[in-house]
Amino acid sequence: MIEFMYFHTGMNFLAHAFLAGSNPGLIVGNMLADSVNKKQYQQLPYDIRAGIDHHRQIDVFTDTHPLVRSSRELFFPHIRHYAAVIIDVIFDHYLAKNWYKYHSQPLDDFETSLYRLLDQYSLYFSEKYSFMYSRMKAHRWLYNYQFNTYIEQTICNLKHRSAEFKEADITLLVFRNNYSLLERNFFAFFDALCKVYKKE
């Protein structure tokens, strides 16, 4: 069974890791941001805090972008606030699927390098993040984003993780019926996002 990730609003791990560029602190901060509270933030090194700030700026850009909003609206009548979660999942799918258009390093190698870097910063992991990260590595979430079957199974697994999510079938139907439109929305949105927030 494919593990379900506890997704957050805004773009998710693969996109954040990509947008962080090559600076280790920025990468780590982007990956940890959703698990860090205000007190923890203040105790982190400057470069990791900068990565957390970068992550949060990306989330604001994402949540307010018209193409993201219109993509969420396809799902909203059926699943309400879960539409934001589903679009996060789907957009990282399109990034992984089209990874070669954005990065010269194969996704397989990028994922391995990212885990190797994060392992060096594990002393900054919260208990919650450590648990999630162990699942991420074991089940190769970032690499598996590219496969339709993985995304569909992730959506199905959500109903087992949340008693409120009961519409997996209609969610999958909307996804399949709008696959090309959603991919076009992703490309246009992500190109705009990269122009503003992609680090070198």
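Bear in mind that the values in this text are calculations on the coordinates, not laboratory data. No experiment lies behind these values; they were computed from the predicted model shown. Don't worry about glycine lacking a Cβ; one is built from the backbone with ideal geometry, like all the others, and counts go over all protein chains shown.
Just a few scattered comments:
- The residue among 83, 146, 122 whose Cα reaches farthest toward the positive pole of the charge dipole of the chain, with charges on the beta-carbon of Lys, Arg, Asp and Glu, is 83.
- Shape category assigned to segment 80-179 from the gyration tensor of Cα positions, a/c cut at 1.5: oblate
- Sites residue 112 and residue 173 - FRET efficiency at Förster radius 30 Å, r taken between beta-carbons, to 0.05: 0.30
- Net charge contributed by nearby residues that have their C-beta within less than 13 Å of residue 107 (K/R +1, D/E -1): -1
- Evaluated with a Cβ-only charge set (Lys, Arg +1; Asp, Glu -1), the chain carries a dipole of roughly 200 debye about its Cα centre, given to the nearest 20.
- All-pairs Cα distance distribution in segment 1-145, expressed in whole percent, bin size 5 Å: 2, 9, 19, 22, 22, 15, 8, 3, 0
- Each Lys or Arg adds one and each Asp or Glu subtracts one; over the other residues with Cβ under 15 Å from the Cβ of residue 116, this totals -2.
- Between 0 and 90 degrees, the angle of helix 46-64 with respect to the longest Cα principal axis of the chain falls at about 20 degrees.
- Computed from Cα positions, the angle between helix 179-197 and the longest principal axis of the chain comes to roughly 30 degrees.
- Ordered by the count of other Cβ atoms within 10 Å of each Cβ, fewest first, 183, 200 give 200, 183.
- Against the chain, whose longest principal axis comes from its Cα atoms, helix 168-177 is set at around 80 degrees.
- The relative contact order of segment 13-197, computed from alpha carbon pairs under 8 Å that lie at least 6 residues apart in sequence, is 26 percent.
- Only helical runs count toward this figure. For the chain, summing -39,500 (n - 2.57) over DSSP H runs of n ≥ 4 and dividing by all residues gives -22000 deg cm²/dmol at 222 nm.
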